[in-house]
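Step one of this worksheet: look at the structure below.
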Amino acid sequence: MIEGILIGLTTALTLQNILMVMVGCFFGTIIGMLPGLGPMTAIALMIPITYGFDPATGLILMAGVYYGAVFGGSTSSILLNAPGVPGTVATSFDGYPMAQQGKAGKALAIAAWSSFAGGTLSAIYLLFMAPSLSKVSLSFRSPDYFALMILGLTAIAAFSSKGQFLKAMMMVILGLMLASVGQDSLSDITRFTFDNMNLTDGISFVLVVMATFAMSEALTIILKRNDPTSAAKQVSLTELGSIKINKEERSKMYKTIPRSSIIGFLIGVLPGAGATIASFLAYGMERNVVNDEEKEKFGKGSVNGLSAPETANNAACSGSFVPMLTLGIPGSGTTAVMLGALLGFGVQPGPRLYMTNPEIFWSIIMSMYIGMVILLILNLPLIPYIARILAVPKNYLIPLILFFSVTGIYVMSFNNFDIYLMIGIAVVATFLRLYDFPMPPLILAFVLGGLMEENLRRSLLLSNGSWEFLWDRTLTLCILLTTILIVVWHFYKSIIRK
Amino acid sequence: MNINTTKIISLLFFIFSAFYLYTAYQIQVFAFDENAPFNARTFPIYLGYAGLFFSGLKLILPEPNTIKVDHKNLEYKKTGILIVIAIIYGATILKVGYFLTTSLFLFSSYYFLGERRWVLMFLLSFPFVAAFMYLLHGILDIYLRDPFLQSIGVMG
């Protein structure tokens with residue numbers, strides 16, 4: 001193994017490859033910041049270019065683009081409340097409020113360091129556990145995945161403080177309902193389309209997230225412009241761009257990062273679970289383990305609340321390479337695109353890759369890791385400048401947010417209907433937000449809706465319509481018991497608080 | 001009044017869930033799938049009932065936290081204008097083209113939000129959109145339909 005790692009390092013650390021990763025990080029960050037263009041699109045755009053290089057260099061360029069795009073996605077989440085990809089939605093819960101308090105640079109720095117630490121720790125887990133974890137990931141069956149989705153949705157407990165549980169549950173159901181629009185994945189029967197062809201493929205994630213986060217945020221800012229309670233705090237550019245993390249904040253991060261990285265990595269290993277569930281679960285768990293004083297800060301700019309999803313998100317990205325490299329099963333859309341690129345290079349991922357060609361296996365892992373290091377070195381000095389986006393006057397910033405939202409949808413679908421639908425959802429979301437209906441549960445449910453139905457379908461069909469699958473397998477039962485425990489604990493804590 | 005608004009939203013959600021449930025029952029499934037343990041309408045039916053359950057609970061149970069929204073301080077007019085501009089933008093983007101509609105959308109939005117620095121407004125609309133379009137279309141090779149630019153021969 002050591003020999004493989006050293007070969008991987010030697011390959012990744014040549015001058016040409018370091019230059020490639022720098023170029024990749026730069027372009028990845030720019031592409032990732034644009035709504036609708038996440039890591040998957042960024043890598044897909046790079047594939048034709050990488051075929052001009054040898055496999056190692058091509059993969060290194062993709063690694064840079066990948067991590068750059070992930071960081072770019074976090075940047076738009078934190079600064080504009082416009083998460084372009086599901087994995088960075090949870091980042092906006094505390095990142096955006098922190099940026100609104102004039103600490104945009106700090107929020108970006110916390111995100112950058114947490115991502116880096118999450119990636120580093122998961123690389124270590126990968127070193128020691130990749131072969132054995134591939135077996136664990138294969139042992140997950142449909143009932144376990146269904147239970148995991150339920151567990152993911154109980155993360156809503158984290159957003160339902162002070163008697164808002166029912167509102168959060170209503171948003172979960174609304175998210176699942178929106179996800180059910182379009183063709184049924186197995187039978188191709190159309191549902192809730194009302195004979196409108198534009199709805200046949202369902203509603204896109206980018207549309208829902210742009211409408212409920214970016215667009216409704218922009219509309220809320222205009223709506224509350226004269227509200228004395230929401231008057232914008234005047235902050236200096238120096239404060240806005242400051243990336244200094246003080247001792248207290250660092251000590252919070254030291255505690256959050258290890259536990260979130262474990263959750264992120266383990267969830268990332270499961271095919272199909274990915275960074276979104278990982279970041280939501282890490283956020284929910286973090287809220288449950290911190291003290292009451294810190295818990296109150298969640299959703300209002302908590303350091304733990306920002307660090308946890310960012311760490312888990314990146315750890316899950318590394319974790320998703322376990323099934324891809326050891327089994328040849330892509331765990332996410334991004335790894336599916338990377339798998340395609342690997343096959344294009346003539347590299348066949350699977351159990352034999354780790355056994356017979358460890359140098360290729362480790363070259364990929366090392367190049368991914370070096371991509372992360374270079375990203376940190378490149379982007380930390382740029383943060384003060386990136387953060388100044390928030391210093392743009394609201395009269396300009398709001399139309400620009402609306403412009404980016406509409407463009408994100410337009411480049412994806414090229415039809416007017418999606419734009420109208422986005423505006424409609426944004427108006428409803430703005431109204432709901434006025435009355436404190438939380439949007440994160442809606443997004444989480446929307447993301448998980450399809451997967452949840454798919455796994456419930458398989459489980460029920462295999463058990464011939466019986467719900468016994470919920471307690472037939474020990475793993476399913478354990479996950480469900482954890483879910484019940486979280487809900488009971490949440491209610492117990494709210495009763496104690498009263 | 002504010003308590004009522006939350007209750008009204010819950011009532012609307014209850015009605016919406018009932019409609020969703022009704023529509024779920026109307027989903028046509030294949031004859032051989034009709035009595036299957038799971039078909040295309042199973043999950044939506046569960047969702048419909050869950051929606052009725054949670055919104056029903058919200059309607060019945062007392063409101064623990066009253067949300068106070070002072071409508072007098074809310075800028076409904078400007079928000080409404082911005083929404084109308086966005087709808088017009090959405091309606092014209094395909095027929096007129098990305099460049100002109102986006103530039104006009106940005107320019108008019110700045111204007112209606114109270115901005116009067118004309119040079120800056122221009123720079124942050126027409127040249128800005130042109131640069132952004134070059135990034136997407138020219139560098140990243142993402143197709144952007146633009147009949148207007150095609151008609152004047154700028155775009156192929």
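Observations, loosely collected:
- Residues that are in contact with a Phe, Trp or Tyr (Cβ under 6 Å, 6 or more places away or on another chain), part of a helix (DSSP H, G or I) and either among the charged types (D, E, K, R) or facing chain A (nearest Cβ under 7 Å) (or both), drawn from the range B:43-82: B:Ser55
- Selected residue [surrounded by fewer than 24 Cβ atoms within 10 Å (Cβ to Cβ), of a type in the set (Val, Ile, Thr), assigned to a helix (DSSP H, G or I) and out of contact with any Pro (no Cβ under 7 Å at 6 or more places or on another chain)] from A:Ile110, A:Ile124: A:Ile124
- Residue in the range B:10-27 that is closer than 27 Å to A:Leu166 by Cα, within 25 Å of the chain's Cα centre (by Cα), small (Gly, Ala, Ser) and more than 8 Å from chain A (Cβ to nearest Cβ) present: yes
- Some residue of the range B:31-42 being closer than 23 Å to A:Asn464 by Cα, in contact (Cβ under 8 Å) with a residue 12 or more places away in the chain, in contact with a Gly (Cβ under 6 Å, 6 or more places away or on another chain) and crowded, with 20+ Cβ neighbours inside 10 Å: no
- Some residue of the range A:199-210 being modelled with pLDDT of 85 or more, over 25 Å from the mean Cα position of the chain (by Cα) and either surrounded by 23 or more Cβ atoms within 10 Å (Cβ to Cβ) or not hydrophobic (A, V, I, L, M, F, W, C) (or both): yes
- Qualifying residue in the range B:115-122 (condition: surrounded by fewer than 18 Cβ atoms within 10 Å (Cβ to Cβ), in contact (Cβ under 8 Å) with a residue 24 or more places away in the chain and among the β-branched types (Val, Ile, Thr)): no
- Screening A:Thr256 against (1) at pLDDT below 90; (2) under 19 Å from the mean Cα position of the chain (by Cα); (3) of a type in the set (Val, Ile, Thr) leaves a single unmet condition, (1).
- Flag if B:Ile142 is free of Cβ contacts under 8 Å to residues at least 12 places away in the same chain, outside any helix (DSSP H, G or I), of a type in the set (Val, Ile, Thr) and within 10 Å of chain A (Cβ to nearest Cβ): yes
- For B:Pro37, the requirement of being at the interface with chain A (Cβ under 9 Å from one of its Cβ atoms) and either in a helix (DSSP H, G or I) or touching a Ser or Thr at 6+ places or on another chain (Cβ under 7 Å) (or both) is not met.
- Residue check: A:Arg473 meets all listed conditions (1) farther than 30 Å from B:Tyr89 by Cβ; (2) of a type in the set (Lys, Arg); (3) within 12 Å of another protein chain (Cβ to nearest Cβ) but one, namely (3).
The values are calculated or read from the model by the stated rules, or taken from the named source; none is laboratory data. These numbers come from a predicted model, not from an experiment. With ideal geometry, Cβ positions are generated from the backbone for all residues, glycine too; neighbour counts draw on all protein chains shown.
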